[in-house]
Amino acid sequence: MTQNIKLIVYPVEDLEGAKTLYGKFFGVKPYVDGPYYVGYKLNDLEVGLDPHGQAVVGYIDVADIKSYLKTLLDAGATSHQDIKDVGGGMLIAQVKDANGNVLGLRQSPK
């Protein structure tokens, strides 16, 4: 089954400045606008700004985050961020590949 990236998160130091620039770039207002995260909906893609982020992260949506995380770890990835609830039952996790790139998993609330 092909997995499409559904979310890309950019780390930003100046959240307000980034919000202005990305809002103009995308031509839309954020649907989430908080001090910890700003998110834009662009058709089927969400783009987020994270003032605490350290790398650009592309996320895929998965039905079973535990199982998918294990599959990636068995394939040679290393854990970067354990599974955590980021609000409302939305679960995320991150792994790193052998080159240090971060890959994200996201599971919607059931």
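Restricting LYS96, LYS110, LYS70, LYS66 to those that are of a type in the set (Lys, Arg) and closer than 16 Å to ILE8 by Cα reduces the list to LYS96. In the set (1) modelled with pLDDT of 95 or more; (2) surrounded by fewer than 18 Cβ atoms within 10 Å (Cβ to Cβ); (3) not β-branched (Val, Ile, Thr), the condition left unmet by ALA93 is number (2).
Search region 1-33 for residues being in a loop (DSSP other than H, G, I, E, B) and over 26 Å from ASN101 (Cα atoms), and hand back the single one that is farthest from the chain's Cα centre (by Cα). First the steps, then the outcome.
Just the residues of region 1-33 that are in a loop (DSSP other than H, G, I, E, B), to begin with: 1-4, 12-14, 27-31.
Next, from what is left, pick out any that are over 26 Å from ASN101 (Cα atoms): 27-31.
Values: GLY27: 21, VAL28: 19, LYS29: 19, PRO30: 15, TYR31: 15 Å.
Result: GLY27.
Inside region 31-55, can you point out the residues that are among the charged types (D, E, K, R) and surrounded by 15 or more Cβ atoms within 10 Å (Cβ to Cβ)?
Of all residues in region 31-55, those among the charged types (D, E, K, R) come to 33, 41, 44, 46, 50.
Result: GLU46, ASP50.
Looking only at region 17-30, decide whether some residue is at pLDDT below 95 and exposed (fewer than 13 other Cβ atoms within 10 Å of the Cβ). Looking through region 17-30, none of the residues is at pLDDT below 95 and exposed (fewer than 13 other Cβ atoms within 10 Å of the Cβ).
Among residues of region 88-110 that are more than 17 Å from SER67 (Cβ to Cβ), those with a beta-carbon under 6 Å from a residue that is exposed (fewer than 14 other Cβ atoms within 10 Å of the Cβ) and among the polar types (S, T, N, Q) at least six positions away or on a different chain give the pairs LYS96/THR78. Output the residue which, of all residues in region 40-72 that are touching a Pro at 6+ places or on another chain (Cβ under 6 Å) and assigned to a strand (DSSP E or B), is nearest to ASP85 (Cα to Cα). In this case the residue turns out to be ASP50.
The values are calculated or read from the model by the stated rules, or taken from the named source; none is laboratory data. The structure displayed is predicted, hence computed values, not measured ones. Every residue, glycine among them, receives a Cβ derived from its backbone with ideal geometry; neighbour counts consider all protein chains shown.
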